[in-house]
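The values are calculated or read from the model by the stated rules, or taken from the named source; none is laboratory data. Here the structure is a predicted model, which means the values were calculated and not measured. Cβ placement follows ideal geometry from the backbone for every residue including glycine, while neighbour counts extend to all protein chains displayed. In case anyone asks, the SASA skips ligands and DNA or RNA and just uses the protein heavy atoms, side chains included. Shrake-Rupley method; radii C 1.70, N 1.55, O 1.52, S 1.80 Å.
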Amino acid sequence: MVVLANPPVVDQIPLLRSPGPRDSFAAVPVVDLSSPGAARAIVDASERFGFFKVVNHGVAGDTMERAETEAVKFFAQAQADKDRAGPAYPPFGYGSKRIGLNGDMGWLEYLLLAVDSASLSDACTVPAAAAFRAALNEYITAVRKVAVRVLEAMAEGLGIAPADALSAMVTEQGSDQLFRVNHYPPCPALQGLGCSATGFGEHTDPQLISVLRSNGTSGLQIALRDGAQWVSVPSDRDAFFVNVGDSLQVLTNGRFRSVKHRVVTNSLMSRVSFIYFGGPPLAQRIAPLPELLGEGEESLYREFTWGEYKKAAYNTRLGDNRLAQFEKK
Ligand code: GA4
């Protein structure tokens, strides 16, 4: 038995086996967004993994750096000052360790923010600092363009018309876009013990796609073969990582898979990540696109709206299979 001199404060947070070098996902699909083969590569990666990395995306390094610098400053504040920007529920703001409404915990603190059009919603008064807001708005405008290009490439690769059939869902008036800034502080108490604190437990994202960028600290892992194997994704601060979400799995009738992922904390270094979640308006019907249904092929899912799915999602635990209740038996 291991007896710790100073028991860590991680007692409510599940531990995970620390990733070793052999768990690294060297084969993460890389999509060059500026190349003519991007559409094909995106469809291929979305079918195989529901996950890929995007390079040559055209977003200036400065835009990413500024947002990161401001985020680091925000999280470096005294706890009492950060708490004034909370709670995260309802509906938006700063949160620490608690994820969702049903008891999930992770070794992180975060900002959960609403996006209107291409910037933070005015209704979302957090963060208050003008420099941080400006940096986030610049970043959000840029990352949203990447999301739109990826969704347009998906439509092209899938042979769906019009070109904005998917991207319009996340850009039209009333689209339910979210933005999240996560800070995973190091967890030195577990150093050398062969296990790490769970930063963000395993889950799939409910939206169409999520676009993530992190600093140079790794920690993101994705599940291969429906969870039979977890692999760590080497960090790349110059790239974006795209996850297929549950809604896109349904829109493609299961052809694209929403990828299970999680974050493991580092024992020595902070991880900071930004995630843009592209969701549709609440009234959007989520059902397979007719062009993607073969002759006589039926939807694998009961019909629902994004609003219904979102409501159901907030009644689940993070690791639950949220689509299961919408599958046709
Ligand atoms: C996962 C993806 C996004 O981070 C998120 C998360 C949301 C939350 O943190 O409030 C949820 C989670 C996420 C899915 C199930 C519910 C809702 C926590 C939770 C237990 C913002 C989202 O949209 O869904």
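Tally time: how many residues in the range 121-150 are under 23 Å from Asn56 (Cβ atoms) and either in a loop (DSSP other than H, G, I, E, B) or out of contact with any helix residue (DSSP H, G or I) (no Cβ under 7 Å at 6 or more places or on another chain) (or both)? Counting residues in the range 121-150 that are under 23 Å from Asn56 (Cβ atoms) and either in a loop (DSSP other than H, G, I, E, B) or out of contact with any helix residue (DSSP H, G or I) (no Cβ under 7 Å at 6 or more places or on another chain) (or both) gives 7.
Are any residues in the range 178-222 in a loop (DSSP other than H, G, I, E, B) and within 11 Å of the ligand (Cβ to nearest atom), and if so, which ones? Give the derivation first.
Looking only at the range 178-222, we keep the residues that are in a loop (DSSP other than H, G, I, E, B), and these are 185-187, 191-194, 204-208, 215-219.
Thr204, Asp205, Pro206, Gln207, listed by residue number.
Run Ala312 past the list (1) within 13 Å of the ligand (Cβ to nearest atom); (2) within 23 Å of Arg48 (Cβ to Cβ); (3) in contact with a helix residue (DSSP H, G or I) (Cβ under 9 Å, 6 or more places away or on another chain) and report the number of the one that doesn't hold. For Ala312, the exception is condition (2). Cβ-Cβ distances below 8 Å connect the following pairs, each with a first residue in the range 308-329 that is hydroxyl-bearing (Ser, Thr, Tyr), a second residue that is open to solvent by 100 Å² or more (accessible area, probe 1.4 Å), and a separation of six or more residues or different chains: Tyr314/Leu101. Is it fair to say Arg98 is of a type in the set (Lys, Arg), closer than 25 Å to Val263 by Cβ and buried (at least 21 other Cβ atoms within 10 Å of the Cβ)? So Arg98 fails the test. Give the residue that is surrounded by the most Cβ atoms within 10 Å (Cβ to Cβ), with candidates limited to residues of the range 234-255 that are closer than 20 Å to Tyr276 by Cβ and small (Gly, Ala, Ser). Within the range 234-255, the match that is surrounded by the most Cβ atoms within 10 Å (Cβ to Cβ) is Ser247. The lone criterion from (1) within 16 Å of the ligand (Cβ to nearest atom); (2) part of a helix (DSSP H, G or I) left unmet by Ser175 is number (2). In the range 57-71, the qualifying residues are those that are out of contact with any Ser or Thr (no Cβ under 9 Å at 6 or more places or on another chain) and not in a helix (DSSP H, G or I), and the one that is farthest from Val146 (Cα to Cα) is Ala60.
One line per residue, one yes/no per condition, for (1) more than 15 Å from Met169 (Cβ to Cβ); (2) assigned to a loop (DSSP other than H, G, I, E, B):
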site: Gly254; (1), (2): yes, yes
site: Ser258; (1), (2): yes, yes
site: Arg262; (1), (2): yes, no
site: Asn266; (1), (2): yes, yes
site: Tyr276; (1), (2): no, no
site: Glu295; (1), (2): yes, yes
site: Lys310; (1), (2): no, no
site: Gln325; (1), (2): yes, no
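Residue count for the range 72-117 satisfying the condition of being closer than 22 Å to Gly219 by Cβ, out of contact with any Pro (no Cβ under 7 Å at 6 or more places or on another chain), away from the ligand (no atom under 16 Å from the Cβ) and outside any loop (DSSP other than H, G, I, E, B): 4.
State yes or no: is Val231 in contact (Cβ under 8 Å) with a residue 24 or more places away in the chain, under 23 Å from Glu109 (Cα atoms), open to solvent by less than 10 Å² (accessible area, probe 1.4 Å) and not small (Gly, Ala, Ser)? No, not satisfied.
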